[in-house]
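A.B. asks: Would you mind keeping the following structure in view while I ask a few things?
Readers should treat all values here as calculations from the given coordinates under stated rules, not as data from a laboratory. Predicted, not measured: the structure shown is a model, and the values here were computed from it. Note: ideal-geometry Cβ built from the backbone for every residue, glycine included; neighbour counts use all protein chains shown.
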Amino acid sequence: MHNIPTKDEVISRARGAFLGLAVGDALGAPAEFLTRMEIEQKFGVLKEMVGGGWLRLKPGQVTDDTEMSLCIGRALAAAGAWSLTCIADNLAAWLKSKPVDVGSTCSRGIRNYLLKGTLETPLNEWDGGNGAAMRMVPVALFTLGDQALLEHCTLQQAHLTHNHPLSDAASICFGRLLHLALTGRSLHRMRREAAELVQKHPTFSFDPYKGLATGYVVDTMQTVFHCFFRARSFERCLVETVNQGGDADTTGAIAGALAGAYFGEESIPARWLKRLDNKVVSEIADLSEELVLLSPFNK
């Protein structure tokens, strides 16, 4: 039998997921667009918050993965309900603030909202990037306890910028995996969820691992699954993930969210958390709790 965790345990895991996302983003960002060989030559093993990279970040600085997730979290907390318009408004304000980084597909989708009020981007076979999946943490927290709601909200937020069947499938699977981890389910049960995605879409198959960690959502999820399902700790999961290079801030963010939810917030190394901006850490902690309290799990 699976023991249902207490509300406090779930909120703690929720903080682990959201903080894990930010930690993975900040740890991986300096390795973005590097190959595994280039990372090895430059860092040996990248396991500290060094900053730099092509974006010239400060150590511990987060990028669009965390910032867009915060936009969604703030929108839901402010509305106290699901509001796609509120999410789109927050993302639009963020884009206008000239963020340190924004992917081209995300930028195009948000600009279309700004110019035309478009809340759903048309189906596009070239939109198979990981930009919708990477901002799933607040959606998963808000929909905890309701699979149908998770799917509905996932597709709505995804289609603001990415309307692609593989992006949809990956985003829903990531949300379901977070729901399992947040409620204390086993790694074996989580692996079954990933296997269902692979069964429906064999292109996501990650065993054997192909070694690609690009921004294509299939490569992203293969990297995350390969590293997460083999890791025995939060730190090992993250180090293994970001050292694959490629889109290392996003693979790091997604792996960090899963590992933070699964291993718990206390598993996140203090030396990494210390490097994050204090304001970001306290806002994430507050939003994580608010979103769980808004979710069906708390009803």
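A.B. asks: Could you tell me which residue out of 88, 63, 99 lies farthest along the dipole of the chain toward its positive end? Charges go on the beta carbon: Lys and Arg +1, Asp and Glu -1, centred on the Cα centre.
C.D. replies: 63
A.B. asks: Return P(r) of segment 1-125 (all Cα-Cα pairs; 10 Å bins starting at 0; whole %; ordered from short to long distances).
C.D. replies: 11, 30, 30, 21, 7, 0
A.B. asks: Assuming 0.36 nm per residue, please report the length gained on full extension of the stretch residue 147 to residue 267 beyond their Cα-Cα distance.
C.D. replies: 40.5 nm
A.B. asks: Which semi-axes, in whole Å and largest first, does the equivalent ellipsoid of segment 236-299 have when worked out from the alpha carbon gyration tensor as the square roots of 5 times its eigenvalues?
C.D. replies: Numbers: eigenvalues 113, 45, 25 Å².
Each semi-axis is √(5λ); the values are 24, 15, 11 Å.
A.B. asks: Please turn the phi angles of segment 94-108 into ³J(HN,Hα) values with the Karplus equation 6.51 cos²θ - 1.76 cosθ + 1.60 (θ = phi - 60°), one per residue in order, whole Hz, x for glycine and proline.
C.D. replies: Listing the rounded values in order: 5, 4, 5, 6, 6, x, 4, 8, 7, x, 5, 5, 4, 4, 4 Hz.
A.B. asks: Turning to a different aspect of this structure: Principal axis lengths of the chain from Cα atoms, whole Å, largest first?
C.D. replies: Dimensions of the chain along the principal axes of its Cα atoms: 50, 47, 41 Å.
A.B. asks: Moving on to the next point. From the C-alpha coordinates alone, can you work out the Kirkwood hydrodynamic radius of segment 32-188, in Å?
C.D. replies: Details: mean 1/r = 0.0596 Å⁻¹.
Taking the inverse mean of 1/r over all distinct Cα pairs, segment 32-188 comes out at 16.8 Å.
A.B. asks: Let me ask something else. For residue 203 and residue 298 in one chain, what is 0.36 nm times their gap in residues minus the Cα-Cα distance, to one decimal in nm?
C.D. replies: 30.6 nm
A.B. asks: Under the rule of at least 5 residues apart or a separate chain, name every residue whose amide H is placed under 5 Å from the amide H of residue 52.
C.D. replies: HN-HN under 5 Å from residue 52: 57, 58.
A.B. asks: Another question about this same structure. Over the Cα atoms of segment 204-273, compute the convex hull volume and normalise it per residue, giving Å³.
C.D. replies: Values: hull volume 5.2 nm³, N = 70.
For segment 204-273, the hull spanned by Cα atoms encloses 74 Å³ per residue.
A.B. asks: According to a simple spin-label model (label point 7 Å from Cα along Cα-to-Cβ), what is the distance in nm between residue 118 and residue 233?
C.D. replies: Placing both labels 7 Å along Cα→Cβ, they lie 4.7 nm apart.
A.B. asks: Give the cross-link partners of residue 279 among the lysines, using a straight C-alpha distance below 22 Å as the criterion and excluding same-chain residues fewer than 8 apart.
C.D. replies: 58, 96, 98
A.B. asks: What is the P(r) of segment 160-210, as percent of Cα-Cα pairs per 5 Å bin from 0?
C.D. replies: Percent of pairs per bin, in order: 5, 19, 26, 23, 17, 8, 2.
A.B. asks: While we're looking at this one, here's another question. So how compact is segment 86-139: Cα radius of gyration and Dmax in angstrom?
C.D. replies: Gyration radius and largest Cα-Cα distance of segment 86-139: 11.1, 29 Å.
A.B. asks: Consider just the alpha-carbon atoms of segment 177-299 and return their Rg together with their Dmax, both in angstrom.
C.D. replies: Over segment 177-299's Cα set, Rg and Dmax evaluate to 15.1, 43 Å.
A.B. asks: For the residues 94, 272, 126, 54, what sequence is obtained by ranking on other C-beta atoms within 10 Å, fewest first?
C.D. replies: Final ranking by Cβ density, sparse to dense: 126, 54, 94, 272.
A.B. asks: Also, I was wondering about something else. Would you mind working out the magnitude of the charge dipole of the chain relative to its Cα centre, with +1 at each Lys and Arg C-beta and -1 at each Asp and Glu C-beta, to the nearest 20 Debye?
C.D. replies: Numbers: 30 positive and 33 negative charges, 56 e Å.
So the magnitude is around 260 debye.
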